[in-house]
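A.B. asks: For reference, the structure I am asking about is given below.
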């Protein structure tokens with residue numbers, strides 16, 4: 001195989017990833033990545049047993065993976081760059097040489113970061129920009145990637161030093177990785193269905209905070225979360241719907257009296273007085289203190305403005 005063929009397969013792999021992310025979101029199951037895609041009758045997986053992965057049909061690694069609670073301490077530095085550990089302790093191991101090769105040839109990689117067991121946040125293209133055999137790491141730059149975790153940098157930050165900008169980006173990446181982890185853990189606790197209406201389509205489900213993130217108590221714990229579809233998440237956040245401390249839904253009185261159409265009648269009004277779906281594990285169920293506090297805010301929203 002030539003280097004041109006390798007780059008072509010790499011490009012097709014990234015096109016396939018874009019299709020998956022557009023459908024599933026940017027957290028994908030390992031089995032999907034391991035199955036990969038067919039190209040001219042040949043199967044091209046994107047992950048394998050090892051973190052530095054090269055499909056048989058390629059010359060150089062296609063992806064690198066950080067496994068949840070894995071043996072290597074991959075980490076984002078304050079400069080916003082990823083320090084990715086070698087395979088083992090031999091700098092000349094063929095997989096480590098592969099990372100050196102993609103750096104020298106400026107070949108893009110896909111990066112998969114474990115969020116929960118069997119689920120990975122995916123981003124591409126990323127580039128190996130430095131190699132340090134003494135610390136058994138390579139440095140990976142994610143800034144060119146299509147990641148939704150890399151935010152638009154505010155004007156005042158963009159105008160600052162490169163180090164300041166990267167530090168800001170690194171902080172945002174950590175926050176958003178925690179958000180992805182929160183979503184996956186909450187959806188798993190609720191059997192990946194809306195706690196209000198039992199809708200099961202992942203693409204339409206969110207992890208809603210009972211106590212908002214902006215509140216000092218708004219921690220990203222499963223006990224502070226509810227799996228809600230997009231409609232009910234919005235209705236919950238905008239006080240159309242309240243949740244009593246006994247986990248029974250209460251619809252705002254003025255909304256109950258409205259006459260609008262079948263969506264309002266069935267999707268909102270029909271929930272009044274219904275008990276929500278709860279996690280099977282009692283340790284993952286909503287914290288009563290959080291529910292009481294959230295319900296108090298809902299009750300306050302019902303009070304007429306003086």
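Each reported figure results from applying straightforward, stated rules to the coordinates on display, with no laboratory input. Since the model is a prediction, treat every value here as computed from it, not as a measurement. Using ideal geometry, Cβ is built from the backbone for each residue, glycine included, and neighbour counts are taken over all protein chains shown.
A.B. asks: Tell me, what is the Rg over Rh of the stretch 190-302, with Rh the Kirkwood radius over Cα pairs? Intermediate results must be reported in sequence, preceding the final value.
C.D. replies: Numbers: Rg = 13.4 Å, Rh = 14.2 Å.
When Rh is taken as the Kirkwood radius, the ratio is 0.94.
A.B. asks: Order of 38-49, 256-267 by packing, highest average Cβ count within 10 Å first?
C.D. replies: Working: 38-49: 14.5, 256-267: 11.1.
Highest to lowest by the protection proxy: 38-49, 256-267.
A.B. asks: Next question. What ranking, highest mean first, results for peptides 271-282, 207-218 when packing means the other Cβ atoms within 10 Å averaged over each residue? List each step's numbers first, then the result.
C.D. replies: Values: 271-282: 14.0, 207-218: 16.1.
In decreasing order of mean packing, 271-282, 207-218 become 207-218, 271-282.
A.B. asks: When 1/r is averaged over all different Cα pairs and the result inverted, which Kirkwood radius in Å belongs to the chain?
C.D. replies: Values: mean 1/r = 0.0459 Å⁻¹.
Value: 21.8 Å, from the Cα pair sum.
A.B. asks: Once both labels are modelled 7 Å past Cα along the beta-carbon direction, what's the residue 42-residue 129 spacing in nm?
C.D. replies: Distance between label points: 3.2 nm.
A.B. asks: Could you calculate the contour length gain from residue 258 to residue 19, that is, 0.36 nm times the residue separation minus the distance between their Cα atoms, to one decimal place in nm? Before the final figure, lay out the partial values.
C.D. replies: On the way: separation 239, 0.36 × 239 = 86.04 nm, distance 4.09 nm.
Full extension from residue 258 to residue 19 adds 81.9 nm.
A.B. asks: Next up: For the chain, find the longest principal axis of its Cα atoms and tell me its angle to the long axis of helix 94-104, 0 to 90°, nearest 10.
C.D. replies: 90 degrees
A.B. asks: With the contact rule set at Cα under 8 Å and sequence spacing of 6 or more, what percent relative contact order holds for the chain?
C.D. replies: Working: 492 pairs, mean separation 36.7, N = 306.
After rounding, I find 12 percent.
A.B. asks: Sticking with this structure for a sec: I'd like to know how the stretch 18-76 sits against the 2.2 N^0.38 Å rule of thumb: what's its Cα Rg over that expected value? Don't jump to the answer; show the numbers that get you there.
C.D. replies: Working: Rg = 12.7 Å, N = 59, 2.2 N^0.38 = 10.4 Å.
The reported ratio for this selection is 1.22.
A.B. asks: Let me ask something else about it. Once you keep just the Cα pairs under 8 angstrom separated by 6 or more residues, what percentage relative contact order results for the stretch 53-136? Kindly include the intermediate steps, with their values, before the conclusion.
C.D. replies: Working: 112 pairs, mean separation 24.5, N = 84.
This gives 29 percent for the stretch 53-136.
A.B. asks: Taking R0 as 45 Å, what FRET efficiency do you get between residue 94 and residue 192 from their Cβ-Cβ distance, rounded to the nearest 0.05? The partial results should precede the final answer.
C.D. replies: On the way: r = 39 Å, r/R0 = 0.87.
Once rounded, the FRET efficiency stands at 0.70.
A.B. asks: Here's something else I'd like to know. Per residue of the chain, what 222 nm ellipticity follows from adding -39500 (n - 2.57) for every DSSP H run with n ≥ 4, rounded to the nearest 500? Provide the component values of the computation, followed by the final result.
C.D. replies: On the way: 8 runs with 98 residues, N = 306.
About -10000 deg cm²/dmol.
A.B. asks: Ok, one more. Please compute, for the alpha-carbon atoms of the stretch 3-150, the extent along each of the three principal axes and give them in descending order in Å.
C.D. replies: 41, 32, 26
A.B. asks: Give the average over all directions of the projected area of the C-alpha convex hull of the stretch 53-97, one decimal, in nm².
C.D. replies: On the way: hull surface 16.0 nm².
For the stretch 53-97, averaging the hull's shadow over all directions gives 4.0 nm².
A.B. asks: In degrees between 0 and 90, to the nearest 10, how far off the longest principal axis of the chain does helix 3-24 point, with axes built from Cα atoms?
C.D. replies: Tilt relative to the chain: about 10 degrees.
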